[in-house]
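Taking it in order: structure first as structure tokens, then the write-up.
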Amino acid sequence: MAQLTLQSRSGSHTLPVETNKSIVELAKKHKVVWGYACQRGVCAQCRTLVIEGAEALNEVTKEEKLRLRKAERAEGYRLGCQVQIVKDGDVTLAHRPY
Ligand code: FES
């Protein structure tokens, strides 16, 4: 079964994959520390680095295109309040606020 691994200040957490929910929502549900404030793609406190499983994630949203530089997106940065798992597959993400 596919797994979601979240690496945050509170350590590494392995969770079952749940589709169509933002990573901020999943972190809250499972009590994983994952900074966020606006949940609208503005504050970037939820900035997230995709380490594994980019192909299982939704397309980059227009909010992410506005908030993250092109070079950051090319390195694999997303916003935790925008990124969702849309297909089954192992995914590893790290919380990387500025
Ligand atoms: S919570 Fe503000 S950009 Fe994600």
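Each value in this text was obtained by applying a stated rule to the coordinates, not by laboratory testing. All figures in this text were calculated on a predicted structure; none of them were measured in a lab.
Restricting to DSSP H runs of at least four residues, report the calculated mean residue ellipticity at 222 nm for the chain, -39500 (n - 2.57) per run over all residues, nearest 500 deg cm²/dmol.
Values: 3 runs with 19 residues, N = 98.
It comes out at -4500 deg cm²/dmol, rounded to the nearest 500.
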(request) State log₁₀ I(q)/I(0) for region 21-69 at q = 0.17, 0.18, 0.28 Å⁻¹ as given by the Debye formula over alpha-carbon point scatterers of equal weight, solvent excluded. (result) -0.55, -0.61, -1.32
(message) Quick one: 3J(HN,Hα) in Hz for region 56-71, Karplus 6.51/-1.76/1.60 with θ = phi - 60°, rounded, Gly and Pro as x.
(response) 8, 9, 5, 5, 4, 7, 5, 4, 5, 5, 6, 8, 9, 5, 4, 5
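Taking only the Cα atoms of the chain, how large is their convex hull per residue, in Å³?
Details: hull volume 8.1 nm³, N = 98.
It is 83 Å³ per residue.
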(request) Determine the percent antiparallel among the DSSP beta bridges restricted to the chain, to the nearest 5. (result) 80 percent
